[in-house]
Structures are given as C-alpha cells and as structure tokens.
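The values are calculated or read from the model by the stated rules, or taken from the named source; none is laboratory data. Keep in mind that this is a model prediction, so the values were computed, not measured. FYI the Cβ positions are ideal-geometry reconstructions off the backbone, even for glycines, and counts take in every protein chain you see.
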Amino acid sequence: EKGGYEHYMRKEIHEQPHAVRQALSGRIDEFAGTVDLDLSLSDEYCKSIDEIQIIACGTSYYAGLYAAELLEQYADIRISVHIASEYEFRANRDPWRTLVIAVTQSGETADTLRALRKADGAGARTLAVTNTVGSTMAREADDTVYIRSGPEIGVAATKTFASQVITLALLTVYLGRQRNVLSSSEASTILNEVSEVPGAIQQVLDAESVVHETAKEFADSDAYFFIGRRFGYPVALEGALKLKEISYEHAEGFASGELKHGPLALVTENTPVLAILTEGTSADETLHNVKEVESRGAPAIGVSSETDPNPVFDTVFEVPKVGLMEPVVANVYLQLFAYHVASQKDRSIDKPRNLAKSVTVE
Ligand code: F6R
C-alpha cells in the first residue's frame, strides 16, 4: 500500500503533483480568470467583508501565513493569522464583518475547533478549508472548501500543505474577483501560475538525488536554520518544523531580516542555513543575510529560482519559475531534505515519537 516507497511520507511527497491537480480540478477557468468553489457567499457579503481571520495550528498555520500574503495582495482585505490555541485571547471587534477561516487537514484538531466555535459564538461567518469530508469542522463551519489531497497517513503533513496553499490561492482569486479588486487578466495570470505548479513540483521531485546527497553531507550538523522573507518566511518555518519533527534535530525558521537581531549568535560552521530565494521573497535582501552567515563560516544552501544563482552557496536547489507559487514549490525541496536527513538517522519517519496525526486534545 506504500506503492513501493519505504515510507508513506515519501510517497505523499511524491503525490503532490496529483494532489494539486485534484485541488484545481473543475474549479478554475484560466481564460476567463474565474474560480468556482461552490460557496454560498453572496456577492454582497464578499464585498462587505472587513477582515479575514485565519485560525490554524502547525503546518496548517504556515499555509495560513502564506495565504495571508496572497489575500492581502490580491483581495485587498485586512487579514490576521492566528495560532488557534491563542485565538481565545484575541478581541473580535466586528464579528459581523469578519470571515473566519479554519485551515485544518484533519478537520478535527481540538485547538482549531475551539477557536472556530468561539468565532461562531461571537457571530462571525466561518469557513473550513479541510481535507476530510464529513469531519467535525466541515460540518460545523458555515461553508467548507475541500483541499482534495486524498488520505495522508504520514504524521508529518506534506502534500496537504501544498493543497492548502493552492486551495487558498483559489479562494483569494475568488474573493478578489467578487470584490472587484482583481481584474480578469490578473486573475488569469495567477490561475495560470497555479496550474503550472504540478509540473513544477514534478521537476523538483525529479531532482531528488541532489537533495539526498546534500542531506547525507549535512546529516551530522549541530542545528539547521531556514530563512526567508515574505512568502519565503512561512516556507522557512515549515521547512524547520518538518525537519525537527521527523529527524529530532534542532531546526528553526527565521524571517531573514531577524537573523541579525539575535539568532546570528547560534550560527557556526556546523549549522547549515537554507535560504529561500524565489519570486515573492525579496531574494536580493535575503542574499545579504546569506552573506552574513557565510562570513561566520556556515554552509549555505540556496533554494532558488534565480537564473544566475549566486556563487556564495555550497549547493543550490533549483526551483522552476511559477511566480508567487514558487515558494510552495521550493517547500518540496525542504520536505525532501527533512526526509533524507531523518532517513540517514534511521528515524521513525511516518510515526515520529510523541506525535499524533490528529491532535484532539487542547
Ligand atoms: C506537522 C503537522 C502538524 C499539523 C497540525 C494541524 O507536520 O502535521 O503541525 O499541521 O497538528 O493539524 P490539522 O491541519 O489537521 O488541523
């Protein structure tokens, strides 16, 4: 049932082109620049939304951070992203004009469910973005959009992150169009990029041997740091989470600009730094930060769509060009990196210690 793969995680990483195609299937018209998600939100309601709050945990929270960048840019909506377990401490000033989006693979995460119920109780309209048909949050939210990844068995979320980001990109286009802030040609461009993601991910998967070699080279490091700006920041956080949960090694993701405000003290010759340098990540600025770590002797790995990658890198993982979707494609390299480091260390990749697939306790 693992289809020839040693672990579900690697199988699921490799299922991403298909998962993303499923998320898109029948939902987009690239030429007209329209999206149909089968939502019951009226035009009038979409125009009246004053704020979107995204609530989620873990990897789903990072997908939410990615979506926030998209929504801000293309749907012109005030947006805040909340770690679900912190949501109850936040004020909800104008719930009637707030759309609350729960992003959850399982649809059962207790922290997210509690936040969703709080939002609902306050009078906000709610939307669940989930993989699980008939799950508690799919049933309780006012609307549901399925990400259609298919079952994910590995405890570490992989293909569902890609599917969440892609589905939230479709939601962004939908809202941008409904609110008359996104032109049909801009929408077509985004939908075009989105539909190129499966092929771009396939190119990354075809380059897996490069990641395998790099993981072997660095598997004995003291710690691993991931840096990125803007769309690259949630991907840096996600890359670090994936590595720490399955390899048990210390890994941290930072906004590139924050390195010099403290974390730089941790950087040594034995702490590789993986930097996201694609469209939507202010790559030139991150490059300055890469030079800062290199001058402290740290090995630097670039995850880059630059055609002329800077020679400062020990290794470059090449990302195909797909506009603002490049960071989610770059993330596939980080998934493979985490997988191969954990595999070098012979970890229990599909069932890491202390973790459960669906976290139903608060
Ligand atoms: C990390 C991971 C977790 C989940 C989190 C939320 O690989 O899987 O961080 O993302 O527990 O789960 P869902 O999305 O089911 O609400």
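If you check Glu208, Glu213, Glu196, which single one turns out to be free of Cβ contacts under 8 Å to residues at least 60 places away in the same chain and away from the ligand (no atom under 15 Å from the Cβ)?
Glu213
Taking Val181 as meeting all but one of (1) assigned to a loop (DSSP other than H, G, I, E, B); (2) of a type outside the set (Phe, Trp, Tyr); (3) closer than 19 Å to Val235 by Cα, write down the number of the exception.
The one condition Val181 does not meet is (3).
Could you count how many residues in segment 28-47 are more than 20 Å from Gln202 (Cβ to Cβ) and out of contact with any Phe, Trp or Tyr (no Cβ under 9 Å at 6 or more places or on another chain)?
Of the residues in segment 28-47, 11 are more than 20 Å from Gln202 (Cβ to Cβ) and out of contact with any Phe, Trp or Tyr (no Cβ under 9 Å at 6 or more places or on another chain).
I'm trying to understand the selection: among the residues of segment 311-335, which are surrounded by fewer than 17 Cβ atoms within 10 Å (Cβ to Cβ) and in contact with a strand residue (DSSP E or B) (Cβ under 7 Å, 6 or more places away or on another chain)?
Of everything in segment 311-335, those that are surrounded by fewer than 17 Cβ atoms within 10 Å (Cβ to Cβ) and in contact with a strand residue (DSSP E or B) (Cβ under 7 Å, 6 or more places away or on another chain) turn out to be Val312, Asp314.
Just the residues that are aliphatic (A, V, I, L, M), under 20 Å from Arg90 (Cα atoms), over 17 Å from the mean Cα position of the chain (by Cα) and within 12 Å of the ligand (Cβ to nearest atom), please, taken from segment 109-161.
Matches in segment 109-161: Ala110, Leu113, Ala115, Leu116.
Select from segment 216-243 the residues that are part of a helix (DSSP H, G or I) and under 16 Å from the mean Cα position of the chain (by Cα) and list them in ascending order.
Hits for segment 216-243 are Gly232, Tyr233, Pro234, Val235, Ala236, Leu237, Glu238, Gly239, Ala240, Leu241, Lys242, Leu243.
Kindly indicate whether any position in segment 201-209 is of a type outside the set (A, V, I, L, M, F, W, C) and closer than 22 Å to Tyr62 by Cβ.
No; the residues of segment 201-209 include none that is of a type outside the set (A, V, I, L, M, F, W, C) and closer than 22 Å to Tyr62 by Cβ.
Checking the conditions here, which among Glu252, Glu294, Glu258 is more than 22 Å from Gly323 (Cα to Cα), of a type in the set (Asp, Glu) and within 16 Å of the ligand (Cβ to nearest atom)?
Every option except Glu252 fails the conditions.
Of everything in segment 282-306, what is more than 24 Å from the chain's Cα centre (by Cα) and either in a loop (DSSP other than H, G, I, E, B) or in contact (Cβ under 8 Å) with a residue 60 or more places away in the chain (or both)? Give them in sequence order.
Val293, Ser295, Arg296, Gly297, Ala298, Pro299
Please give the number of the condition Tyr45 fails out of (1) crowded, with 22+ Cβ neighbours inside 10 Å; (2) within 30 Å of Glu186 (Cα to Cα).
So Tyr45 meets the others, but not (1).
Let me confirm something: among Phe317, Phe337, which residue is in contact (Cβ under 8 Å) with a residue 24 or more places away in the chain, more than 12 Å from the ligand (Cβ to nearest atom) and under 17 Å from Tyr248 (Cα atoms)?
The conditions single out Phe337.
As an exercise: evaluate Gln164 against (1) touching an Asp or Glu at 6+ places or on another chain (Cβ under 9 Å); (2) closer than 23 Å to Lys351 by Cβ; (3) in a helix (DSSP H, G or I) and give the number of the one condition it does not meet.
In the conditions (1) touching an Asp or Glu at 6+ places or on another chain (Cβ under 9 Å); (2) closer than 23 Å to Lys351 by Cβ; (3) in a helix (DSSP H, G or I), Gln164 misses (1) alone.
Check segment 159-175 and report whether any residue there is over 27 Å from Ala356 (Cα atoms) and out of contact with any Leu (no Cβ under 9 Å at 6 or more places or on another chain).
no
Suppose we filter Ser305, Ser282 for residues that are among the polar types (S, T, N, Q) and at positive phi; which single one remains?
Ser282
Could you give me the residue pairs with C-beta distances under 6 Å whose first residue belongs to segment 158-187 and is under 28 Å from Leu334 (Cβ atoms), whose second residue is of a type in the set (Gly, Ala, Ser) and not in a helix (DSSP H, G or I) wherever it lies, and which are 6+ apart or on separate chains?
Lys159/Ser149; Thr160/Ser149; Ser163/Ser149; Thr172/Ala75
Tally the residues that are touching a residue at least 12 places away in the same chain (Cβ under 8 Å), more than 16 Å from the ligand (Cβ to nearest atom) and touching a strand residue (DSSP E or B) at 6+ places or on another chain (Cβ under 6 Å), restricting the search to segment 72-92.
4
Is it fair to say Val210 is surrounded by fewer than 23 Cβ atoms within 10 Å (Cβ to Cβ), within 19 Å of Ser305 (Cα to Cα) and in contact with a strand residue (DSSP E or B) (Cβ under 8 Å, 6 or more places away or on another chain)?
Yes: the conditions hold for Val210.
Pairs, please: C-beta under 7 Å, at least 6 apart or cross-chain, first residue of a type in the set (A, V, I, L, M) and at pLDDT 95 or above and in segment 93-110, second assigned to a strand (DSSP E or B) and within 7 Å of the ligand (Cβ to nearest atom)?
Sorted first by the residue in segment 93-110, then by its partner, the pairs are Ala102/Ala56; Val103/Ala56.
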